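None of the figures in this text is laboratory data; all of them are computed from the coordinates on show. All values derive from a computational prediction rather than experimental measurement. Cβ atoms come from the backbone with ideal geometry, glycine included; neighbour counts cover every protein chain shown.
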Amino acid sequence: MKKKLSEIEKMLLLSTAFTLVLVGTRYLVTNENVYLFYPWNLFLAMVPLFFSRQLKQHKKFNFKAGVLLACWLLFFPNAPYLLTDLLHYQERPPVPYWFDLLISASGAWNGVALGFVSLMQTERFLARHLKIKWRNPATVALIVLCSYGIFLGRFLRFNSWDIVTNPGGLIHVTISHFFQPWQHQQFWVFTFSLAAFLCIIYFTIKKLPGMIKTL
């Protein structure tokens, strides 16, 4: 039996479609492919949502749940990664600057939204197996790992599937980051700065329902 889409999932699809329509319109009018990476990046951003959607249905931490959790964590950075696609934004006349800004901003929003909804669904599963005092620290740890994954993808050009196709290169880089930290200051600063930013956004979003009830 297929699971029906929730209201938030419907909104995520609508928001993603909005970005894709903007990208498609721009390409049809200009025949420029500068933003044609968005469809693929948005698809990758949806992958962790797929795994977390399956994961939240599991009440026990069995082998299948462990595989789903590992797959979710592997692809989770692909969602907030879209924030870094803002680096591609620049004025490209004759396209109005606001149009390209809207593409970049909506893409970034979709990445954050898709990633954080998947994180909330994963939290729902983990809440069944963690004591209350460990839930927020676990969430922060997941966001830090996500930020590290974004660094690997944006600056070192690793992909999620490199854990299978290039495990040696990935392990070598990771060991170097942790055992020679003084040679990788950019890694440490970027990872923890981005993690702090994402944590602020995430925990703010989680507070919104309570604020709405007080209005």
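Annotations
- Helical runs (DSSP H, four residues minimum) scored at -39500 (n - 2.57) apiece and divided by the length of the chain put the mean residue ellipticity at 222 nm at -24500 deg cm²/dmol.
- Mean Cβ neighbour count within 10 Å, used as a protection proxy, ranking 64-70, 193-199, 110-116 highest first: 110-116, 193-199, 64-70
- Gain on full stretching of the segment that runs from W188 to R135 - 0.36 nm per residue minus C-alpha separation: 16.7 nm
- Cα pair distances of region 7-214 binned at 10 Å [whole percent]: 8, 31, 35, 21, 6, 0
- Likely footprinting exposure, L73, L87, fewest C-beta neighbours within 10 Å first: L87, L73
- Karplus-derived 3J(HN,Hα), 6.51/-1.76/1.60, for each residue of region 85-96, Hz, glycine and proline x: 5, 4, 5, 7, 6, 6, 5, 9, x, x, 5, x
- Region 130-191 and region 29-54: distance between their alpha carbon centers, rounded to Å: 22 Å
- Straight-distance candidates among the lysines for linking to K3, with alpha-carbon spacing under 20 Å and chain neighbours fewer than 8 residues away dropped: K56, K59, K60, K64.
- FRET efficiency estimate (nearest 0.05) - Cβ-Cβ, L86 to R157, R0 22 angstrom: 0.80
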